[in-house]
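J.: Quick one: the structure is below, and I'll ask about it shortly.
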Amino acid sequence: MDRAAPTPQAISGISDTKSIRVLLLANGQQIHVPLNGLLKPLTDRISELEARLDAAGIPEVTHG
């Protein structure tokens, strides 16, 4: 019986974003981590920088 490869699911179709995991290669070993764990330090830093800009009276920059 031939088994078809699973169809990849679009990331936008995942309702629980905590279930998204990323596979990395580090020191010749595969590791997987939650995507939100990878992004948290970046989003925390962005929030910190936005707060500093607000405190300095510098308006938020918007693109688009």
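The values are calculated or read from the model by the stated rules, or taken from the named source; none is laboratory data. These numbers come from a predicted model, not from an experiment. Here Cβ is always computed from backbone atoms with ideal geometry, including for glycine, and neighbour counts include all displayed protein chains.
J.: Output the number of residues of segment 11-49 satisfying the condition of being more than 13 Å from the chain's Cα centre (by Cα) and under 27 Å from E60 (Cβ atoms).
T.: Total satisfying the criteria: 5.
J.: Could I ask something else about it? Have a look at L42, L38, L23 and point out the one that is part of a strand (DSSP E or B) and closer than 24 Å to S12 by Cβ.
T.: Working: L42 fails: part of a strand (DSSP E or B); L38 fails: part of a strand (DSSP E or B).
Of the residues listed, the single one that is part of a strand (DSSP E or B) and closer than 24 Å to S12 by Cβ is L23.
J.: Name the residue that is nearest to G37 (Cα to Cα), counting only residues in segment 1-27 that are charged (D, E, K, R) and modelled with pLDDT under 75.
T.: Top of the filtered list is R3.
J.: Hey, among L49, L35, which residue is surrounded by 11 or more Cβ atoms within 10 Å (Cβ to Cβ) and either modelled with pLDDT of 90 or more or not basic (K, R) (or both)?
T.: Among L49, L35, only L35 is surrounded by 11 or more Cβ atoms within 10 Å (Cβ to Cβ) and either modelled with pLDDT of 90 or more or not basic (K, R) (or both).
J.: Exactly one of (1) modelled with pLDDT of 90 or more; (2) touching a helix residue (DSSP H, G or I) at 6+ places or on another chain (Cβ under 8 Å); (3) loosely packed, with under 10 Cβ neighbours inside 10 Å is unmet by E60. Its number?
T.: Against the list (1) modelled with pLDDT of 90 or more; (2) touching a helix residue (DSSP H, G or I) at 6+ places or on another chain (Cβ under 8 Å); (3) loosely packed, with under 10 Cβ neighbours inside 10 Å, E60 comes up short only on (1).
J.: Going by the conditions given, is E50 in contact with a helix residue (DSSP H, G or I) (Cβ under 8 Å, 6 or more places away or on another chain) and among the charged types (D, E, K, R)? Write out each step before concluding.
T.: Details: in contact with a helix residue (DSSP H, G or I) (Cβ under 8 Å, 6 or more places away or on another chain): no; among the charged types (D, E, K, R): yes.
In short, no.
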